[in-house]
Amino acid sequence: MDHHQELSPRAFWRQQVRYGRGALRLHRTRARAERLQRSRFYLTLLRRGFAQGARTGALVALAQLATAVGMAREALDR
């Protein structure tokens, strides 16, 4: 089953920022402190995205940037 969502660029950005905020909250509430993923994880993610085409790679990169912005906002709000 495929999951398909029609999002405007603004809605996509806002969704990814919210994901980042939630990810940081989840990370902080875990019983044992786990590190965030290593940079190799994100490089592999980008490489695989671009392997599927420029558009997919650009969306993966944009999603990761928005997620990082969300995590930063969450950290600054606390």
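For this structure, a couple of remarks:
- Selected residue (only one of 70, 49, 53 is touching a residue at least 24 places away in the same chain (Cβ under 8 Å) and of a type in the set (Gly, Ala, Ser)): 70
- Residue tally, condition of a type outside the set (Val, Ile, Thr) and either under 13 Å from residue 72 (Cβ atoms) or in a helix (DSSP H, G or I) (or both), over region 1-20: 11
- When we screen 58, 23 for residues that are in a helix (DSSP H, G or I) and touching a Ser or Thr at 6+ places or on another chain (Cβ under 9 Å), the only hit is 23.
- Only a single item in (1) free of Cβ contacts under 8 Å to residues at least 12 places away in the same chain; (2) of a type outside the set (A, V, I, L, M); (3) assigned to a helix (DSSP H, G or I) is not met by residue 35, and it is number (3).
- Total residues in region 29-67, condition farther than 25 Å from residue 9 by Cα, surrounded by 10 or more Cβ atoms within 10 Å (Cβ to Cβ) and either touching an Asp or Glu at 6+ places or on another chain (Cβ under 9 Å) or of a type in the set (S, T, N, Q) (or both): 1
- Condition met for residue 45 (under 11 Å from the mean Cα position of the chain (by Cα) and not in a loop (DSSP other than H, G, I, E, B)): yes
- Scanning region 68-78 for residues that are modelled with pLDDT of 95 or more and crowded, with 17+ Cβ neighbours inside 10 Å returns a single hit, 70.
The values are calculated or read from the model by the stated rules, or taken from the named source; none is laboratory data. Since the model is a prediction, treat every value here as computed from it, not as a measurement. Don't worry about glycine lacking a Cβ; one is built from the backbone with ideal geometry, like all the others, and counts go over all protein chains shown.
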